[in-house]
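The structure appears right after this line, and notes come after that.
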Amino acid sequence: MAEERPQRKTRTGFVVSAKMDKTVVVNTIQTVRHPLYSKIYKRNVKLYAHDEANDANVGDKVLISETRPLSKTKRWRIVEVVERAK
């Protein structure tokens, strides 16, 4: 009986840099609850994602998924471009 691996994390965000080859920087907004005061606030997180086809451009909304480490900083890959920049 084959053991199924757990679902991988997915995030949506906007491409803020596409200057590297096959790599984009995606800005995702994370909502966090403060441990003491219980106030919910937003935190910006920049993630490096692999873009095999060099398809994404700055301003595009993309769906990224967790993957094995591809380099020192890349741990995500682009699944699809949800919306193109206008």
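How about the stretch 29-64: which of its residues are in a loop (DSSP other than H, G, I, E, B) and either in contact (Cβ under 8 Å) with a residue 60 or more places away in the chain or surrounded by 10 or more Cβ atoms within 10 Å (Cβ to Cβ) (or both)? If you could, list the steps in order and put the result at the bottom.
Initially, the stretch 29-64 is screened for residues in a loop (DSSP other than H, G, I, E, B), giving 34-39, 51-60.
Matches in the stretch 29-64: D51, N54, D55, A56, N57, V58, G59, D60.
Identify, please: which residue in the stretch 65-86 is within 14 Å of the chain's Cα centre (by Cα), in a loop (DSSP other than H, G, I, E, B) and charged (D, E, K, R) and is, among those, farthest from T12 (Cα to Cα)?
This residue is R68.
The rows are residues; the columns are (1) at pLDDT 95 or above; (2) in contact with an Asp or Glu (Cβ under 7 Å, 6 or more places away or on another chain).
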| residue | (1), (2) |
| --- | --- |
| A2 | no, no |
| R5 | no, no |
| T12 | yes, no |
| V15 | yes, yes |
| M20 | yes, no |
| T31 | yes, no |
| S38 | yes, no |
| R43 | yes, no |
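Across the stretch 34-64, what is the number of residues that are of a type in the set (V, I, T), in contact with a Ser or Thr (Cβ under 6 Å, 6 or more places away or on another chain) and closer than 16 Å to K9 by Cβ?
Filtering the stretch 34-64 for residues of a type in the set (V, I, T) gives 40, 45, 58, 62, 64.
Checking the rest, the ones that are also in contact with a Ser or Thr (Cβ under 6 Å, 6 or more places away or on another chain) come to 40, 45.
Next, from what is left, pick out any that are closer than 16 Å to K9 by Cβ: 45.
Selection size over the stretch 34-64: 1.
Residues of the stretch 44-63 being aliphatic (A, V, I, L, M) and over 13 Å from V16 (Cβ atoms), which ones?
Here is the first cut: in the stretch 44-63, the residues aliphatic (A, V, I, L, M) are 45, 47, 49, 53, 56, 58, 62-63.
Result: A53, L63.
So N54 passes all but one of these: (1) at positive phi; (2) in contact with a strand residue (DSSP E or B) (Cβ under 7 Å, 6 or more places away or on another chain). Which condition number does it fail?
(2)
Being closer than 20 Å to E66 by Cβ, part of a loop (DSSP other than H, G, I, E, B) and of a type in the set (A, V, I, L, M) is the filter here, so list the residues in the stretch 1-28 that pass it.
The answer is M20, and nothing else.
The values are calculated or read from the model by the stated rules, or taken from the named source; none is laboratory data. Just so it is clear, the structure is predicted and the values come from calculations on it, not from any experiment. Neighbour counts run over all protein chains shown; Cβ positions are idealised from the backbone, glycine included.
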